[in-house]
Number of protein chains: 2
Amino acid sequence: MPDPCVSDAGFTESGLLEHGGKLRQAAVRYGIALEDWLDLSTGINPNGWQKALPPLSTWARLPEDDDGLHRAACGYYAAQDLLPVAGSQAAIQALPKLYAHRRVAVLAPSYNEHAHAWQRAGHAVDLVCAAQLHTAIDDHDIVVIVNPNNPTGVCFDVAMLLDWQQRLAARGGCLMVDEAFMDGTPAQSLAAYSDREGLIVLRSLGKFFGLAGARVGFVLAAKKTLLALAQELGPWTISGPARWLATQALEDQAWQRIMRKQLKQQSQRLHTVLSAAQLMPDGGSCLFQSVATPQAAHIHAQLAGQGILTRLFKVPARLRFGLPADEQEWQRLQQALRALNIPSVELSA
Amino acid sequence: MPDPCVSDAGFTESGLLEHGGKLRQAAVRYGIALEDWLDLSTGINPNGWQKALPPLSTWARLPEDDDGLHRAACGYYAAQDLLPVAGSQAAIQALPKLYAHRRVAVLAPSYNEHAHAWQRAGHAVDLVCAAQLHTAIDDHDIVVIVNPNNPTGVCFDVAMLLDWQQRLAARGGCLMVDEAFMDGTPAQSLAAYSDREGLIVLRSLGKFFGLAGARVGFVLAAKKTLLALAQELGPWTISGPARWLATQALEDQAWQRIMRKQLKQQSQRLHTVLSAAQLMPDGGSCLFQSVATPQAAHIHAQLAGQGILTRLFKVPARLRFGLPADEQEWQRLQQALRALNIPSVELSA
């Protein structure tokens, strides 16, 4: 049996980690034209914010810090202060470089760039199950979690996290919470507490707002951390048009209200559809459902053969399903699920 | 007299360096509305590539590496291989982190982010005049120049640079050439030689293509260096819409031909206009003219008082003028230059 606390690294040829959304690669591998795929391999809102396009001037001029994005983001997240970054990935890469030789516990399985980045920066990294995190707090300097977790959908309680943050901060440590999938459940966010010492919260416009191509995310933390990170990253990390679009989306409260409701309904529908196909999700967020099954690789391949791309996690074996965009896509998914021929499990010795 | 080899650092409150293009700050300082300024403080083409806008889908999906940008850029630069980065600034920040404890010579005065980044990464940095560079080659590991230089406009000869590169490469060293202002004079570029060991060339779409807001640049170098840099920077560093726009601009050879010719004419006109106002440029590129004068601060303030923003370099004292966008802006500049009241120079003891 694979250790459930160890997830696969999945490196590509270039030494970068594997991710969902690699539709071009799938198109070549399965011989299905790009436009014929239903891509459920990401947790990106398929009906994202698309109400306006940035003016041409935003392409021509260097982006400026005082263009309204900072204020709009502080308002949306209810945060005292934050640093806009080029997607939370930019923060994941850079934050480990602000520290030297720390003992770091990273939730596993979770978004695999976290452990990779801390290891790459020379820290001692332990991968820790959700169930063992509460004991890891006291013998690590930095604890990194994803909440709700990706790909498992596990959620962590606010009061428990604030207790962890306090215990870490008392020793000069830090709790880092990646809230990439939090927008559907803002009451569960630590954003409002992010000015406290020993807490760093990562947010992104990639998932809920469906603006993954824009590369806009935010680091919410105490001012000292934000200043150090700003110097590490340097100027103009986000494109001007993306800053403009992000500002509009963050200020569009009406859209956000409707979308939170819609995504909740759709995520529930996905749970129902998968369950009906004997693929019972064991976790999820407003943007995906997650199915732990030893048959994950078989099911992934059979769906890909029908032009439906899901996200396969090999160790531990798990499939993540994003949301279909419209009724036609829902019907296509349901039809493909009915056509599945799942082989019986071979029990290992 | 200030040492002509030492330029001012110009740090802002956040610890980031000062740059041109800070129009919002100037608007507040001089009490002139944002839309009433003529901004000549950058070297950005005021008539940049603006022939199409990226499709909405590029905002929604994660950017993919195999979308055609790499091929378009290799074609435009006549390079064997390259890495697209989020503006050459991203490369300037990251490249020093690929080395440990090198003796680095950085051309001075030049674009001030270079020396800053190498110092920040813990290297021993010497600032070296253009005239002394040829002797600096043999007692440094890494030599960083900007060609044509910014802000002085000094140009370096291809054969001489290739000699420097060979001497550095023979000792395991490296010549880094920032060619941000090279697009008007492609015959002077080292891009075609960038697969050689010990050579790194930086290019950008910010200046000639006028796409400074897009944050797209390229590192041209041997494959080993590109792989190391790709791992340092991580995935998705450029926004999807910017990748799309960059690809179109790099493939638009007709526009590029016309623009090279236009910018050459306009830069010559700027030289003439400044000379007529007793501001004789001592260097320039297709996108700016540069005037070394002890009166730089006075002239900068007087032009700003008339709503014309130029770029002031304090030590050594120098003004950089970008190109006006149209005939109306040319007339406004000429009128403002005629109204200048330049105090006589106070000679220091």
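The values are calculated or read from the model by the stated rules, or taken from the named source; none is laboratory data. No experiment lies behind these values; they were computed from the predicted model shown. Neighbour counts run over all protein chains shown; Cβ positions are idealised from the backbone, glycine included. Areas reflect the complete protein model, heavy atoms only, side chains present, ligands, DNA and RNA absent. Shrake-Rupley method; radii C 1.70, N 1.55, O 1.52, S 1.80 Å.
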**Report entry** Added length on full extension, which subtracts the Cα-Cα distance from 0.36 nm per residue, A:A187 to A:A276
**Finding:** 29.0 nm
Requested in this report: Place the peptides A:60-71, B:157-168 in order of packing, highest mean first, counting for every residue the other Cβ atoms within 10 Å and averaging per peptide.
Outcome: A:60-71, B:157-168
Query - GNM top mover of B:I137, B:I92, B:I32 - chain B, alpha-carbon springs below 10 Å - result: B:I32
Requested in this report: Name the residue, out of A:R215, A:R24, A:R103, whose mean-square fluctuation peaks in a Gaussian network model built on chain A with Cα pairs under 10 Å.
Outcome: A:R24
Requested in this report: With label points built 7 Å along Cα→Cβ from the Cα atoms of B:T135 and A:R71, find their separation and express it in nm.
Outcome: 5.5 nm
Report summary line: Under the 7 Å Cα-to-Cβ spin-label approximation, B:A254 and A:Q80 lie apart by a distance in nanometres of 5.8 nm
Query raised in the report: Rounded, prolate or oblate: which one fits the stretch A:17-141, using the alpha carbon gyration tensor with axes a ≥ b ≥ c (rounded when a/c is under 1.5, else prolate when a/b beats b/c, else oblate)?
Result: oblate
Query raised in the report: Which shape class, rounded, prolate or oblate, goes with the stretch B:288-327 when its Cα gyration tensor gives a ≥ b ≥ c as root eigenvalues, a/c under 1.5 marks rounded, and past that a/b bigger than b/c marks prolate?
Result: oblate
Query raised in the report: What ³J(HN,Hα) values, in whole Hz, does the Karplus curve 6.51 cos²θ - 1.76 cosθ + 1.60 give for the stretch A:44-59 when θ = phi - 60°, with x put for Gly and Pro?
Result: 8, 4, x, 10, x, 5, 9, 8, 7, 10, x, x, 4, 4, 5, 6
Requested in this report: Report, in cubic angstrom per residue, the convex hull volume of the C-alpha atoms of chain A.
Outcome: 147 Å³
**Report entry** Interchain or long-range residues, amide H under 5 Å from B:I308's placed H
**Finding:** B:L38
Requested in this report: Using the heavy atoms of the protein chains and a 1.4 angstrom probe, tell me the accessible area per residue for chain A in square angstrom.
Outcome: 41 Å²
Query raised in the report: Say we join alpha carbon atoms closer than 10 Å with springs in a Gaussian network model of chain A; which of A:A115, A:A339, A:A72 then has the biggest fluctuation?
Result: A:A339
**Report entry** Helix-only [θ]222 nm of the protein assembly as shown, DSSP H runs n ≥ 4, -39500 (n - 2.57) each, per residue, nearest 500
**Finding:** -10500 deg cm²/dmol
Query raised in the report: Once you put a point 7 Å from the Cα of B:V28 and another 7 Å from the Cα of A:L162, both along the Cβ direction, what distance in nm separates them?
Result: 3.4 nm
Query - Where rotation carries A onto B, the chain A residue whose Cβ is nearest that axis, in whole Å - result: A:S239, 2
**Report entry** B:D126/A:L56 FRET efficiency (R0 51 Å; Cβ-Cβ; nearest 0.05)
**Finding:** 0.75
Query raised in the report: With θ set to phi - 60° and the Karplus curve 6.51 cos²θ - 1.76 cosθ + 1.60, what are the ³J(HN,Hα) couplings of the stretch B:274-280 in order, to the nearest whole Hz, using x for Gly and Pro?
Result: 5, 4, 4, 9, 6, 10, 6
Query raised in the report: What's the center-to-center distance, using Cα atoms, between the stretch B:57-124 and the stretch A:255-311 in Å?
Result: 39 Å
Report task. For B:V144, list long-range residues whose amide hydrogen, built 1.01 Å from N in the peptide plane, is under 5 Å from its own amide hydrogen. Result -> B:A105, B:V106, B:L107, B:M176
Query raised in the report: lysines near B:K264 by alpha-carbon distance under 30 Å, same-chain residues fewer than 8 away left out - which ones?
Result: B:K22, B:K51, B:K207, B:K314
Query raised in the report: Put the label 7 Å from Cα along Cα→Cβ for B:R338; what are its distances to the other copies, in nanometres, shortest first?
Result: 8.1
Report summary line: Note, B:I32: beta-carbon cut-off 15 Å, +1 each Lys/Arg, -1 each Asp/Glu, net +1
Query raised in the report: Label-to-label distances across copies for A:A131, with labels 7 Å out along Cα→Cβ, in nm, shortest first?
Result: 7.5
**Report entry** Inter-copy label distances at B:T185 (7 Å, Cα→Cβ; nm, one decimal)
**Finding:** 6.1
Report task. Please list, in chain and number order, the residues 5+ apart from A:L287 or on another chain whose amide H is under 5 Å from its amide H, with Hs placed from the backbone. Result -> none
Query raised in the report: Using a Förster distance of 60 Å, how high is the FRET efficiency between A:K261 and B:Q268, based on the Cβ-Cβ distance and rounded to 0.05?
Result: 0.45
Query raised in the report: Considering only the other residues whose Cβ falls under 14 Å of the Cβ of A:F288, what net charge follows from Lys and Arg at +1 and Asp and Glu at -1?
Result: +3
Query - Net charge over other residues, Cβ less than 15 angstrom from the Cβ of B:Q334 (K, R count +1; D, E count -1) - result: 0
**Report entry** Relative contact order (percent, whole number), chain B, Cα cutoff 8 Å, 6+ residue spacing
**Finding:** 24 percent
